[in-house]
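Trainee: I'd like to ask some things about the structure below.
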Amino acid sequence: MQSQAFDTLGIDPTVDGRAIRAAFVRLARIYHPDRLVGQPDDVRSEAERRMKEASAAYEFLRTSNRALHDGKSILNDKDIQARAQKYREAMEARQREEERNRIRWRRWEAIEQAARERADAESALAAAAMYGTGDVREAPAASRPSSRATVRAEARQLPSKTPSSALQQRIEAARRQEREAAEAKRAAEKAASENGVKRA
């Protein structure tokens, strides 16, 4: 009954008496018989019917609001309770789905970042090994092939007797140098921090 009353007044379910009264006054200004003097009988009868429905709905909701202010609950209509429960369940399901999506995207971003870092490190090591330097840096522009035809020509010029493990050995040597440099840097930082503690 309450849901029907709100539908008749054309508003969402609420306990705000001012909103309910404003909706009723809006309908009364449209369908009140005094505003339809001189209109055909069928128009006046339809307006009268709608005005009676709006008046009944307004009276019902006003009585319900009075009961609410007296400490009684007006949410005894099964339709409103079912709609509220359905809305709560839908919102909870949506929140769970959004949280799952956030976790999945964070995990995917971490995997992508790790893969990019691994690829950059591997390409830097391979470049250092190919150009015979211990430094892990980008090859100079003059020494990089400028086109696919140049790459194929240089590939043909490589000696066929070179073992395939030579490049792997250079990569391993570059990795060892990189680890040794990192360990030396950590040892230097540790010694510097110990000296700072002793001075203090």
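Just so it is clear, none of the values below were taken in a lab; they were calculated from the coordinates. It should be emphasised that the depicted structure is a prediction, and the values quoted were computed from it without experimental measurement. Glycine gets a Cβ as well: all are built from the backbone with ideal geometry, and neighbour counts include every protein chain shown.
Trainee: Enter the per residue convex hull volume of the range 2-76, computed from alpha-carbon coordinates, in Å³ rounded to the nearest integer.
Mentor: 74 Å³
Trainee: How would you rank TYR131, TYR31, going from fewest to most other Cβ atoms within 10 Å of each one's own Cβ?
Mentor: The fewest-first ordering by Cβ neighbours comes to TYR131, TYR31.
Trainee: Taking the beta-carbon count within 10 Å as an exposure proxy, list THR63, THR14, THR8 from fewest neighbours to most.
Mentor: Fewest-to-most Cβ neighbours within 10 Å comes out as THR63, THR14, THR8.
Trainee: Starting from the Cα of LYS185, draw a straight line to each of the aspartates and glutamates and keep only those under 19 Å, dropping any in the same chain fewer than 8 residues away.
Mentor: ASP135, GLU194
Trainee: Now for a separate question. For a footprinting-style exposure proxy, rank LEU9, LEU27 by other Cβ within 10 Å, fewest first.
Mentor: Listing LEU9, LEU27 from fewest to most nearby Cβ atoms yields LEU27, LEU9.
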